[in-house]
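Engineer: Please find one structure pasted underneath; my questions will follow.
Read-outs throughout are calculated quantities, based only on the coordinates presented, and are distinct from any laboratory measurement. Just so it is clear, the model here is predicted, and its values are computed rather than measured. Methodologically, a virtual Cβ is constructed for each residue, glycine included, from the backbone with ideal geometry; neighbour enumeration extends over all protein chains shown.
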Amino acid sequence: MKKLGEESTTREKILTFFLENKDREISLYELTTHLGLKPSDYKRVLDDINHVAKTIYRKTNGRLVLLMQPPICKNCGYVFKDMEKARLPSKCPVCRSERISPPIFLLTEKA
């Protein structure tokens, strides 16, 4: 239990943000900005999102799931669809472009 005045961890803040914005698409940039972090901290945020997704599923007994729209190459349109975990690829395997749109997340009820 948190003591009075104790700060929340980054993962707790991410969890709260997703629960408050259920059924709304949230970009990686929006989440990083909300947390007050620099855009260069995206790797840490992505790692935390992977853990938060498991926490949400476990705490809601599978009723809520965190979905991810995978990154897309802005140059050729390649979709990184076979991703198990949230991450931001550095280059497109097709055209070698580094112009990759970040993943978008959505907390929703399981169908």
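Engineer: How much length is gained if the chain between PHE17 and TYR29 is pulled fully straight, taking 0.36 nm per residue apart and subtracting their Cα-Cα distance, in nm to one decimal?
Structural biologist: Extending this stretch completely gives an extra 3.0 nm.
Engineer: Now, a different point. With axes computed from alpha carbons, what is the tilt in degrees of helix 42-59 against the longest principal axis of the chain, rounded to the nearest 10 within 0 to 90?
Structural biologist: Around 50 degrees separate the two axes.
Engineer: Considering amide H positions built from the backbone, and no H for Pro or chain starts, which residues 5 or more places from TYR78, or on another chain, come under 5 Å of its amide H?
Structural biologist: CYS73
Engineer: Given the DSSP H assignment, sum -39500 (n - 2.57) over each helix run of at least 4 residues in the chain and divide by its residue total; what's the result at 222 nm in deg cm²/dmol, nearest 500?
Structural biologist: It comes out at -10000 deg cm²/dmol, rounded to the nearest 500.
Engineer: A follow-up question, please. Ordered by residue, what ³J(HN,Hα) values in Hz, to whole numbers, does the range 28-40 give under the Karplus form 6.51 cos²θ - 1.76 cosθ + 1.60, where θ = phi - 60° and Gly and Pro are x?
Structural biologist: 4, 5, 4, 5, 4, 5, 4, 6, x, 9, 6, x, 6
Engineer: If you stretched the chain out fully between LEU67 and LYS110, how much longer would it get, using 0.36 nm times the residue separation minus the C-alpha to C-alpha distance?
Structural biologist: Full-extension gain reported as 14.5 nm.
Engineer: Could I ask something else about it? Considering only DSSP states other than H, G, I, E and B, which GluC sites (Glu not before Pro) in the range 1-84 qualify as loop sites with at most 13 other Cβ atoms within 10 Å?
Structural biologist: Answer in residue order: GLU6, GLU7, GLU25, GLU84.
Engineer: Can you give the relative contact order of the chain as a percent, counting alpha carbon pairs under 8 Å and 6+ residues apart? If you can, show how the numbers build up before the last one.
Structural biologist: Working: 151 pairs, mean separation 35.0, N = 111.
The value is 32 percent.
Engineer: What are the trypsin sites (Lys or Arg not before Pro) within the range 40-111 that DSSP puts in a loop, where the Cβ has at most 16 other Cβ atoms within 10 Å? Walk me through the numbers on the way to the answer.
Structural biologist: On the way: sites: LYS43, ARG44, LYS54, ARG58, LYS59, ARG63, LYS74, LYS81, LYS85, ARG87, LYS91, ARG96, ARG99, LYS110; in loops: ARG63, LYS74, LYS81, LYS85, ARG87, LYS91, ARG96, ARG99, LYS110.
Here the sparse-neighbourhood loop sites are ARG63, LYS74, LYS81, LYS85, LYS91, ARG96, ARG99, LYS110.
Engineer: Could you tell me which of PRO93, LEU19, ASN50 has its Cα farthest along the dipole of the chain towards the positive end, charges placed at Cβ (Lys, Arg +1; Asp, Glu -1), taken about the Cα centre?
Structural biologist: Farthest along the dipole direction, towards plus: PRO93.
Engineer: Going by amide H atoms built from the backbone, whose H comes under 5 Å of the H on ILE104, apart from near neighbours?
Structural biologist: Those qualifying (amide H under 5 Å, at least 5 residues apart or on another chain) are GLN69.
Engineer: Between rounded, prolate and oblate, where does the range 10-109 land on the alpha carbon gyration tensor, with a ≥ b ≥ c its root eigenvalues, rounded for a/c under 1.5, else prolate if a/b exceeds b/c? Don't skip to the answer; put the middle values down first.
Structural biologist: Values: a/c = 2.23, a/b = 1.59, b/c = 1.40.
The shape class here is prolate.
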